[in-house]
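Heads up: the structure comes next, in structure tokens.
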Amino acid sequence: MPANLPPEYFAAEEKFRSAESTSAKIHCLEELISTVPKHKGTDHLRAELRRKLSRLKSEQHKKKNVGRHESDFQIEKEGSGRIVVTGPTNVGKSSLVAQLTRATPKISDSPYTTWNPLPGMLNVQNVQLQLIDTPPLNPDFSQPELFDLIRTADLILLMLDIQDFPIQQLADSIALLTKHHITPEFLKNQPENSNASLSIPTLIVVNKVDNRSFMDDFNAFCELEDIELPVLPISVLSQNNLDFLGSRCLEMMRLIRIFSKPPGKEPDLTQPYVLKSGATVTDFAGKVHRDFVQNLKTARVWGSGVYDGQMVGRDHLLNDGDIVELHI
Ligand SMILES: Nc1nc2c(ncn2[C@@H]2O[C@H](COP(=O)(O)OP(=O)(O)OP(=O)(O)O)[C@@H](O)[C@H]2O)c(=O)[nH]1
Ligand SMILES: [Mg+2]
């Protein structure tokens, strides 16, 4: 397919050729990329220009950050779990973190904007989760510390862009993750994944599904994959499915919320105790107070699988949203 480049492209290309400093080259190249129309005929050209930009930005970044880079990637854990947002450049990772938390990462239409991770706190049904924006997965510039950070995730959000060849993006992202010994959990039973690789729950988040017209592309994306993927279409721009994303995260992290009811009082439904799914009344008692584990005699539960206020034993399995009254 012919590229059909507009005259502005050639003018911008000329400017880029004559730029001398790295920062001027980056500036001109960003301008050049913005003149290339997005269609199949310009695929290769856009990929090549992005690669060039990535190389220039990494060059500039290395000069700026000698010595202090690694520590930016060491982030203290906060909240009930850690979610790392990863994926190719420009898919909207920083936009998502900015939208869902108070963090203010830089957002730009130009590729390779984020160079350092940035955490924010995400509140999902009163559960605090740490959501970390990261630099893009980049086949041309490997950052070992980025993969070390991803390895610390309780859940990976692998973000793709429905408007920019998501199938290819998914394949490239998985290739990079597995090269660094990280296997998205949905692939862990595939024979090619060795035991040496760390399997992490991973939700594929397909962004920029801004309106119904992109749902056909999204459905085609789902159909073309051989295995059933944990996948959610979203749009940060039109806020499509963002609420649902939070509850999907809790589910995939296998976290449940349990509310404590002191005897004779109402439960505080704004302050859940967060436990792993499969937790028992004894596990809950241990969260409330460590002495309760020893002294617990019985408990009453309101919620699913029980009648209201049912007496249960120490080994009773709890469900998300249960209210528990401990008797010691
Ligand atoms: N149409 C549309 N554009 C979006 C959406 N979310 C983000 N964008 C735009 O996509 C571009 C890239 O967004 P970023 O959040 O900077 O992307 P990123 O993944 O952090 O990019 P890198 O830092 O380079 O990895 C920006 O112009 C955003 O405004 C969306 O839901 N729909
Ligand atoms: Mg970013």
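Any read-out appearing in this document is the output of simple, stated calculations on the displayed coordinates, not a laboratory observation. All values reported here derive from a predicted model rather than from experimental measurement. In this analysis, Cβ positions are derived from the backbone assuming ideal geometry, glycine residues included, and neighbour counts consider all displayed protein chains.
Quick notes
- Computed lengthening from Thr35 to Thr152, 0.36 nm per intervening residue step minus Cα-Cα distance: 38.2 nm
- Prolate/oblate/rounded label for segment 255-327 (Cα gyration tensor, a/c 1.5): rounded
- Computed lengthening from Leu224 to Ser23, 0.36 nm per intervening residue step minus Cα-Cα distance: 68.3 nm
- Calculated [θ] (222 nm, deg cm²/dmol) that DSSP helices of n ≥ 4 give over the chain, each run adding -39,500 (n - 2.57): -10500 deg cm²/dmol
- Under 27 Å from Lys38, Cα to Cα: lysines that are on another chain or at least 8 residues apart: Lys15, Lys25, Lys52, Lys57, Lys93, Lys106, Lys208
- Hypothetical label at Glu59: residues of segment 17-36 whose amide nitrogen lies under 20 Å (7 Å Cα-Cβ projection): 17-34
- Potential extension, Glu8-Asn126 segment - 0.36 nm per residue separation minus Cα distance: 37.4 nm
- Pairs with C-alpha atoms separated by more than 30 Å, drawn from the list Lys40/Lys63; Lys265/Lys287; Lys276/Lys297; Lys188/Lys276, are Lys40/Lys63.
- For segment 160-282, the relative contact order is 19 percent, taking Cα pairs closer than 8 Å that sit 6 or more residues apart in sequence and dividing their mean separation by the residue count.
- Trypsin sites (Lys or Arg not before Pro) restricted to segment 159-235 and DSSP loop, no more than 16 other C-beta within 10 Å: Lys188
- Computed FRET value (nearest 0.05) for Glu48 with Lys276, which takes r as the C-beta separation and R₀ as 56 Å: 0.75
- Estimated distance in nm for a label pair at Gln310 and Glu76, the labels positioned 7 Å out from Cα along Cα-to-Cβ: 4.2 nm
- Reference-scaled alpha-carbon Rg (2.2 N^0.38 Å with N residues) for the chain: 1.19
- Cα gyration tensor, segment 7-64 - rounded (a/c under 1.5), prolate or oblate: oblate
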